[in-house]
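Worksheet: the structure to be examined is printed underneath.
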Amino acid sequence: MTEFSDLNLDPKVLQAVAEAGYTTPTPIQAGAIPEALAGRDVLGIAQTGTGKTASFTLPMIQLLSRGRARARMPRSLVLCPTRELAAQVAENFDMYAKYTKLTKALLIGGVSFKDQDTLIDRGVDVLIATPGRLLDHFERGKLLLTGVQIMVVDEADRMLDMGFIPDIERIFQMTPFTRQTLFFSATMAPEIERITNTFLSAPARIEVARAATTNQNITQAVVQFKGSSKEREPSEKRAVLRALIEAESATLTNAIIFCNRKIDVDIVAKSLKKYGYNAEPIHGDLDQSQRMRTLDGFRDGSVKFLVASDVAARGLDIPSVSHVFNFDVPSHAEDYVHRIGRTGRAGRTGSTFMICVPRDEKNLAAIEALVQSTITRVESPLKELPPARKPRAEKPAEDKQTERPRREKPRLARNRPEAAPVEDVVEAVAAPVAAAPAPAEKSRRRKPRRDEPQAEVAVAETPIAPREERHERHDHKEGRKDDRKHRRDDGGVAGWGADVPDFIRLSFAERRKKVSA
């Protein structure tokens, strides 16, 4: 049997591995470590939970032990699809490199750029990053990749699922052509194979298990469930999940519950808390510090049920998970392999259950075709469906009719005279109306149209006075003018008549004399 001492590892590295409690390497470690130490490119294909992290961490530590890091120019690069997996790789590096002087930096989202820039400026031997945050630092001019000697791509198939393949190709082009590449994946999709053919040079192919196979230590089962109605199906499905947990309570120590959507992660976690289960959610929308606290709590046992999206389906090193529940059938068949791979690790046994509704039958068939086996069907442990929530009862029609009528305020009749009979009032009003003469109708005068012939209007003729009488009137007027002129000549003043004071008359008379002179 091969041991770590047979893999030509440095004594300092062997000491750290022994203190971690490992003596015998896994098949992927036994095949990949010697090839990596020889300087060859490595293509490792193995199912999740087989120890791929140590397969590239241990040879990296030994190969980088000679040399010195320079500012902003890391000597090696490890790309991971998720923050949690990158943080786990960083923990393994600290554990295995504690007797060396190698430095590292972790570049993931949710952490301050300033702190990460400080580490890069000092110079690091190992740079562990997610593709997005790595490119952010590069575009800001804080990082150079021309000094990378070893490049590692971990969980490449997960990179493909998350849409990171264009970023991976760009990062490959920014590194030197002479680099050593260690490429690890659980499955070999055509796109992954294309990248390996493009960027790996004569790699040593280490395949310890058929692609997309499940661990033989895992017991698999599926519950086919159909809700009573479309509206009640989600709540009834959660009741089936609780019944499965209760049925496995004798052997269940902790469990991961996978959901396809982030919103379902929150709903399921909240529902389990409501019924007294110690559950916490974890998905990509949560703050990084909260995600790390939740994972730490699940590792130390303070959190019993971890409700997760596929962010926790890859690479998380939690060896003592007893059960995995798939609340939803995975949309991609490969995700099923990674989900159930969270249990049955390091030689332990595990159990997995999946709840399948009628619309997920197609995805279930794709999973069975991928793993090339039929998953055992089991009956739902939930004997009776939860009662439907009663709608709010409306008030019966009879009650509405028997309601007390609204009481109107009585009108005040105080100090009012007694009303007269109606007949007397009508006669009193009608009498003056009958006696009054009918008003003359006003004739409306209509404006005639242009083409309408106009009626002749009778004009009263004014009699003309005889000629002699007209002459007399004229003579009378002339006499009046002469009389006024005579009064002015006699010292009269126009407009005063005969009542002109003497001082005024004299003043006007003197003025006329001066003018005439």
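Brief remarks on what is shown
- Residue list for segment 3-23, restricted to those being in contact with a Ser or Thr (Cβ under 7 Å, 6 or more places away or on another chain) and more than 20 Å from L63 (Cβ to Cβ): E3
Here's the yes/no breakdown for (1) closer than 25 Å to L107 by Cα; (2) in contact (Cβ under 8 Å) with a residue 60 or more places away in the chain; (3) within 27 Å of the chain's Cα centre (by Cα):
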| residue | (1), (2), (3) |
| --- | --- |
| C259 | no, yes, yes |
| S271 | no, no, yes |
| Y275 | no, no, no |
| N278 | no, no, no |
| D285 | yes, no, yes |
| V307 | no, no, yes |
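- Close pairs from segment 233-244: first crowded, with 19+ Cβ neighbours inside 10 Å, partner in a helix (DSSP H, G or I), Cβ under 7 Å, at least 6 apart: R238/V268; R238/S271
- Segment 215-244, subset assigned to a helix (DSSP H, G or I) and among the charged types (D, E, K, R), residue nearest to I355 (Cα to Cα): K237
- Residue in segment 1-18 that is part of a helix (DSSP H, G or I), more than 17 Å from F183 (Cα to Cα), touching an Asp or Glu at 6+ places or on another chain (Cβ under 7 Å) and in contact (Cβ under 8 Å) with a residue 12 or more places away in the chain present: no
- Meets criteria (surrounded by 14 or more Cβ atoms within 10 Å (Cβ to Cβ) and either modelled with pLDDT of 95 or more or outside any helix (DSSP H, G or I) (or both)) for T146: no
- G110 touching a residue at least 12 places away in the same chain (Cβ under 8 Å) and at positive phi: yes
- The listed residue being in contact with a Lys or Arg (Cβ under 7 Å, 6 or more places away or on another chain) and surrounded by fewer than 20 Cβ atoms within 10 Å (Cβ to Cβ), out of R40, R122, R72: R72
- Set A204, A186: member being crowded, with 19+ Cβ neighbours inside 10 Å and among the hydrophobic types (A, V, I, L, M, F, W, C): A186
- When residues of segment 293-319 are limited to those that are at pLDDT 85 or above and part of a helix (DSSP H, G or I), the one surrounded by the fewest Cβ atoms within 10 Å (Cβ to Cβ): D300
- Within segment 246-269, the set of residues being part of a helix (DSSP H, G or I) and buried (at least 19 other Cβ atoms within 10 Å of the Cβ) comprises D264, V265, V268, A269.
Each row is one residue, and each column tells you yes or no for (1) part of a helix (DSSP H, G or I); (2) at pLDDT below 85; (3) among the hydroxyl-bearing types (S, T, Y); (4) surrounded by fewer than 13 Cβ atoms within 10 Å (Cβ to Cβ).
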site: Y336; (1), (2), (3), (4): yes, no, yes, no
site: L382; (1), (2), (3), (4): no, yes, no, no
site: L385; (1), (2), (3), (4): no, yes, no, no
site: A393; (1), (2), (3), (4): no, yes, no, yes
site: E403; (1), (2), (3), (4): no, yes, no, yes
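- The condition (being modelled with pLDDT under 90 and loosely packed, with under 10 Cβ neighbours inside 10 Å) is satisfied by just one residue among G347, G341: G347.
- Positions within segment 141-174 being in contact (Cβ under 8 Å) with a residue 12 or more places away in the chain and more than 30 Å from V337 (Cα to Cα), in sequence order: K142, L143, L144, L145, T146, G147, V148, Q149, M174
The values are calculated or read from the model by the stated rules, or taken from the named source; none is laboratory data. Computed from a predicted model, the values in this text were never measured in an experiment. Here the Cβ is made from the backbone with ideal geometry for all residues, glycine too, and neighbour counts use every protein chain on show.
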